[in-house]
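Okay, so here's the structure we're looking at.
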Amino acid sequence: MPDSRLTRQIAAALRDERERRELTQRRLADLAGLSQGTVARIERGDRVPSLPVVERLFAALGQQLRLAVEPLDSHLDAALAGLAGRPLAERLDELGLDRTLDALGELPYVLTGATAALLQGVPLPVAAVEVAVRWRDAARLTAFLEREYGLRWNARWEEWGGLRLEPEEPGEHRWQTRQGELRARMCDELPEPVEVRHGERSYRVEPLIQVELTDRRAADLLRRHRQRLGAAPAARGPAR
C-alpha cells in the first residue's frame, strides 16, 4: 500500500465528496469512465492515481482540486498547539476514557500509545482509547465487545462491520463500541506500567519511553512536541 500523505488526503477527499452526493463507487466510476475497482482502490489508498484520473473523478463530482503549498507538516504544529491549551479533564471526557475503562471491568489491560502519552502530560491527538491486552485474555475482550455492541474496523472497505469481533481473527484490532472507539495491542505479557493519577482516579499506563518504542505514530508526534518546546530528547516522567 502506498505510504503517501497526499494519497491518503486524495482518498479521503474523494470518498467524502462521493458520500456527500450519495453516490455509490460504481455510479461515480460510470460518470468518470473508470472501473468500480479503480475507484475502490483509490479511496482505500491502495493506488497512487495519476493527475488526469484524479481530475476526471472530481470533475464527475462537479469539483476540482486546488494546489497549495505549506511548511512541511505545519498542520501538526497547529494541532499540537491547539491541544496544549485544552484542559486534560475535558479531553479525557471527550475521549470517553473513564466510561470505557469502567465497561472493561476486570479485564487486565495497560493504557498505551497516544492515550498513555496524554495521561503523562503530552498533548497529542487521541482518536481512540488504546490498550495493551494479553492474548490469553482475548476471550474476555471479545465478551466486552459483545456486551458493548462492538463493530470491528474493516480496512478493506474502510467501514465498521463485516468482520468477526474476536482478536484472533485477521484484521486490525480496532472496534467501535457504545463507549467510543477502542484499539488494542495484543501481546503475550502486559508492559510494565507506571501509575498516573488525575482527579480521583489512577490509571495504569505504559511509560513514555516504551510508547516511543512500540508506537511509531505516537513517537513521531512526541519528537515533534519536544522540538516545539525546545526540550531535550530524553523521555519525560509521568505526571502525577
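Here, each number is a calculation from the coordinates, and none is a lab measurement. Since we're looking at a predicted model, the values are computed, not measured. Quick reminder, even Gly has a Cβ in these numbers, built from the backbone with ideal geometry, and neighbours come from all protein chains shown.
Values for this structure:
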{"quantity": "Degrees, to the nearest 10: 5-20 long Cα axis against longest axis of the chain", "calculated": "70"}
{"quantity": "Calculated log₁₀ intensity ratio I(q)/I(0) where the Debye formula runs over C-alpha points of the range 81-211, q = 0.09, 0.10, 0.14 Å⁻¹", "calculated": "-0.25, -0.31, -0.61"}
{"quantity": "Highest-fluctuation residue, GLY45, GLY171, GLY180 considered, GNM on the chain with Cα pairs under 10 Å", "calculated": "GLY45"}
{"quantity": "Cα-based helix-to-principal-axis angle, 216-229 vs the chain, degrees rounded to 10", "calculated": "80"}
{"quantity": "Paramagnetic reach from ALA139 (point 7 Å along Cα→Cβ, amide N under 20 Å) across the range 167-188", "calculated": "167-170, 186-188"}
{"quantity": "Under the Karplus curve 6.51 cos²θ - 1.76 cosθ + 1.60, θ = phi - 60°, whole-Hz ³J(HN,Hα) for the range 34-39, x wherever Gly or Pro sits", "calculated": "10, 8, 4, x, 5, 4"}
{"quantity": "Label-zone membership for the range 135-152, site CYS187, 7 angstrom Cα→C-beta point, backbone N under 16 Å", "calculated": "135-138"}
{"quantity": "On Cα atoms only, tilt of 138-147 relative to the major axis of the chain in degrees", "calculated": "70"}
{"quantity": "Long-range amide H partners of ALA155 with built H, under 5 Å", "calculated": "GLU172"}
{"quantity": "Rh (Kirkwood; distinct C-alpha pairs) - the chain, Å", "calculated": "20.1"}
{"quantity": "The chain: most fluctuating residue of GLN179, GLN227, GLN63 per GNM, C-alpha cutoff 10 Å", "calculated": "GLN63"}
{"quantity": "The range 109-188 - percent relative contact order, Cα under 8 Å, separation 6 or more", "calculated": "32"}
{"quantity": "Contour minus Cα-Cα distance for ARG216 and ASP102 (0.36 nm per residue)", "calculated": "38.2 nm"}
{"quantity": "Förster-model FRET efficiency, 35 Å R0, ARG21 and GLU172, C-beta, rounded to 0.05", "calculated": "0.80"}
{"quantity": "Average projection area in nm² (convex hull over Cα atoms of the range 113-171, one quarter of hull surface)", "calculated": "4.9"}
{"quantity": "Stokes-Einstein translational diffusion, the range 5-60 - Kirkwood Rh over all Cα pairs, 1.567 mPa s, 4 °C, in µm²/s", "calculated": "120"}
